[in-house]
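Peer 1: Quick one: the structure is below, questions incoming.
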Amino acid sequence: MKLVILDRDGVINEDSDEYIKSPAEWRPLRGSLEAIARLHQAGWHVVVATNQSGIARKLFDLDTLARIHETMHRQVRNSGGQIDAVFFCPHGPDDHCSCRKPAPGMLNDIARRLHIELNGVPAIGDSLRDIQAARAAGASPILVKTGKGSRVVLDPDLDSTVPVFNDLYSAVDSLLKGA
Ligand SMILES: [Mg+2]
Ligand SMILES: [Zn+2]
């Protein structure tokens, strides 16, 4: 099974320091829907793993998050793609949960649910937490420079072996050429 794990904000859609609190605020980044469509058409499974501490911060509720994800699924489908599942962490940094990235909990859950090893599974993110969670889960981290990524490339804590791409489209382009 070919699986790719994607972060959401700053990878698929525009990130916001004010959080994505409504379906209207969910706006795809240029080329991201096409990238997911290409993955789907090439037989890849696409699963999203996203920190959504806006829930813990009471900026939006679970019902709203579900509606935001319906919007995402619809736009992805309309572009010819598919997201198989969305895993989210609703906790805040003070909850000390095991799912909020950089913890590997969500990625481990994905592995358990899909009955696969994460060894070699690309996990694409725009923040250091995504990279750290991927490493901790045994997946293969990839950084994109959209969202927070343009700052993360300058971070001395970023492991220099992590592949960096301009955006999801170019990361997927490379995956599909290599696979
Ligand atoms: Mg992000
Ligand atoms: Zn959590």
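The values are calculated or read from the model by the stated rules, or taken from the named source; none is laboratory data. All values derive from a computational prediction rather than experimental measurement. Ideal geometry is used to build each Cβ from the backbone, glycine not excepted, and the neighbour counts take in all protein chains shown. Only protein heavy atoms, including side chains, enter the accessible area calculation; ligands, DNA and RNA are left aside. Shrake-Rupley method; radii C 1.70, N 1.55, O 1.52, S 1.80 Å.
Peer 1: Using only C-alpha positions, report the orientation-averaged shadow area of the convex hull of the chain, nm², one decimal.
Peer 2: Computed as one quarter of the Cα hull surface, the answer is 9.3 nm².
Peer 1: Sort 88, 165, 60 from largest to smallest accessible area, using a 1.4 Å probe on the heavy atoms of the protein chains.
Peer 2: From most accessible down to least: 88, 165, 60.
Peer 1: Shifting gears a bit: Could you list, by residue number, the cysteines of the chain that have no other cysteine's beta carbon within less than 4.7 Å of their beta carbon?
Peer 2: 97
Peer 1: Still on this structure: Which aspartates and glutamates have a Cα lying under 18 Å from the Cα of residue 21, excluding residues fewer than 8 positions away in the same chain?
Peer 2: Filter leaves 7, 9, 61, 63, 70.
Peer 1: Can you work out the accessible area per residue across the stretch 43-86, with the rest of the protein chains kept in place, probe 1.4 Å, in square angstrom?
Peer 2: Solvent-accessible surface per residue comes out at 46 Å².
Peer 1: I would also like to ask the following. Would you rank 50, 146 by solvent-accessible area, highest first, keeping every protein chain in place and using a 1.4 Å probe?
Peer 2: Numbers: 50 0, 146 30 Å².
The residues order as 146, 50, largest area first.
Peer 1: For the stretch 84-137, what's the radius of gyration and Dmax over Cα atoms, in angstrom?
Peer 2: Spelled out, the Cα radius of gyration and Dmax of the stretch 84-137 are 10.9, 31 Å.
Peer 1: Take every Cα pair under 8 Å in the chain that's 6+ residues apart, average their separations, divide by the length, and report that relative contact order as a whole percent. Please list the in-between numbers first.
Peer 2: On the way: 333 pairs, mean separation 43.4, N = 179.
Worked out over the chain, it gives 24 percent.
Peer 1: Additional query: Can you give the Kirkwood hydrodynamic radius for the stretch 27-129, in Å, rounded to one decimal and based on Cα pairs?
Peer 2: 14.8 Å
Peer 1: Hey, another quick one. Rg and Dmax of the stretch 54-98, Cα atoms, in Å?
Peer 2: 13.0, 39
Peer 1: Please report the base-10 log of the normalised intensity I(q)/I(0) for the stretch 105-179, using a Debye sum with one equal scatterer per alpha carbon and no solvent, at each q in 0.19 (1/Å).
Peer 2: Ignoring solvent entirely, the Cα scatterers give -0.77.
Peer 1: Under 17 Å from the Cα of residue 177, which lysines turn up, not counting those fewer than eight places away in the same chain?
Peer 2: Straight-distance partners of residue 177: 2.
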